[in-house]
């Protein structure tokens with residue numbers, strides 16, 4: 001069956017076109033064309049927008065706004081985003097990073113979507129064609145949404161921690177990924193933590209029990225132990241060719257502890 | 001099947017084709033334009049054998065729609081040799097015995113070219129990182145890494 005590509009000048013028009021049955025929004029193509037190549041015949045039309053606004057990165061007064069079509073390489077090389085570059089570099093190899101988009105990553109099913117894990121820890125706001133949503137709310141009901149951009153406060157390098165665990169170095173599919181944004185006082189005591197996990201459900205999730213346990217702790221072995229013990233609360237890891245759910249659950253506390261003590 | 005007109009430059013030559021709507025770039029390069037240097041390995045974005053450069057950026061031709069390539073410049077391994085002389089990367093791959101079955105080689109060379117275009121004196125680690133999206137099933141990675149480092153050295157000697 002032939003697949004049509006429909007190109008619209010604005011994201012709003014592309015969003016309206018998606019209401020027709022059998023249409024899928026295409027960003028960099030690394031998820032959607034891959035599905036086609038694997039024999040997905042559930043859609044017959046690709047829809048995209050070429051609005052230059054979608055490819056713009058704006059960093060102003062500590063707040064970053066990334067258009068949905070901004071690629072992982074563009075994030076990784078942007079001088080104002082060096083604190084989170086690691087999370088963008090965690091996606092794919094160089095060619096994938098030149099194609100994969102911020103918007104697409106928000107919809108990537110586990111084990112993909114490592115950058116969205118970072119965005120969840122960063123408490124990003126997702127700007128969709130039907131309004132602005134906090135990322136927790138967006139992820140809970142992401143199907144059918146059309147993303148124009150995301151925005152978040154750019155953390156300092158010390159505040160943002162990120163780890164992607166894969167079996168092949170330097171690039172491989174995630175066993176798991178963890179992103180942590182830490183607010184600490186002058187004595188290094190954690191006031192607030194936002195912790196996000198990848199591969200621990202079908203989409204990125206928060207580790208709320210560990211967040212609570214980490215509040216008031218300093219980043220020392222004995223102090224982080226309760227948070228490490230709580231990191232697996234509420235997780236439903238996936239089983240795939242990379243790792244079993246059991247394995248993912250077993251190694252999560254190990255990598256979380258390392259990330260806190262690094 | 002609906003046909004869509006597409007115009008782009010392939011290895012410096014103007015091309016204009018009517019392509020099937022929804023066709024990927026690799027299909028058009030191989031089946032319509034006869035450039036069989038990009039290889040279709042996985043068609044999932046995992047193996048890198050189909051790597052080409054589009055407007056100077058490394059991309060996967062199996063995940064790129066041909067229709068989105070209007071007005072771009074495409075460079076493939078098939079266009080690297082000039083006037084009967086191999087590109088320094090191609091020469092180095094031969095000299096270092098970096099191709100066994102050869103299937104991954106065109107993609108490896110394009111990924112290496114993308115690296116050397118932006119970083120002419122890469123470290124070994126830079127090379128490993130640049131080739132991380134390309135799989136070699138003969139597992140001949142060491143000679144491949146050596147070949148890229150050799151090509152980088154010969155480039156810098158030629159430039160000096």
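With a 10 Å cut-off around each Cβ of B:49-57, the average count of Cβ atoms from other chains is 2.
Would you mind classifying chain B by shape? Square roots of the alpha carbon gyration tensor eigenvalues, ordered a ≥ b ≥ c; an a/c under 1.5 is rounded, otherwise it is prolate if a/b is larger than b/c and oblate if not.
Details: a/c = 2.15, a/b = 1.66, b/c = 1.29.
In terms of gyration-tensor shape, prolate.
Among DSSP beta bridges lying fully in the protein assembly as shown, give the percent that are antiparallel, nearest 5. Please report the intermediate quantities before stating the final value.
On the way: 52 of 62 bridges.
Percent antiparallel among DSSP bridges in the protein assembly as shown is about 85.
For the stretch A:1-108, the relative contact order is 27 percent, taking Cα pairs closer than 8 Å that sit 6 or more residues apart in sequence and dividing their mean separation by the residue count.
Mind checking the mean number of beta-carbon atoms from other chains within 10 Å of the Cβ atoms in A:24-37?
On the way: counts 0, 0, 2, 0, 5, 10, 5, 2, 2, 10, 8, 1, 5, 9.
Across the residues of A:24-37, the mean count of other-chain Cβ atoms within 10 Å is 4.
Averaged over the residues of B:62-70, the number of partner chain Cβ atoms lying within 10 Å of the residue Cβ comes to 5. Using the alpha-carbon atoms, what tilt in degrees (0 to 90, nearest 10) does helix A:221-230 show relative to the longest principal axis of chain A? Once rounded, the angle reads 50 degrees.
In the protein assembly as shown, inverting the average of 1/r over every pair of distinct C-alpha atoms gives 22.7 Å as the Kirkwood radius.
Inter-part distance, the stretch A:57-135 to the stretch B:1-58, computed on C-alpha centroids, equals 27 Å. If contacts are Cα pairs under 8 angstrom and at least 6 residues apart, what is the relative contact order of the stretch A:118-262 in percent? Result for the stretch A:118-262 is 18 percent. Dividing the mean sequence gap of close Cα pairs (under 8 Å, 6+ apart) by how many residues the stretch A:177-262 holds gives a relative contact order of 24 percent. Descending by average beta-carbon neighbour count within 10 Å, the peptides B:83-94, A:180-191 line up as B:83-94, A:180-191, the highest first. Global dimensions of the stretch A:136-185 from alpha-carbon coordinates: Rg and Dmax equal 14.9, 41 Å.
Within the stretch A:1-150, DSSP assigns beta bridges of which about 65% are antiparallel (rounded to the nearest 5).
No value in this document is a laboratory result; all are computed from the given coordinates. Being a predicted model, the structure only gives us computed values, none of them experimental. Neighbour counts are summed over all protein chains in view; Cβ atoms, including those assigned to glycine, are modelled from backbone coordinates with ideal geometry.
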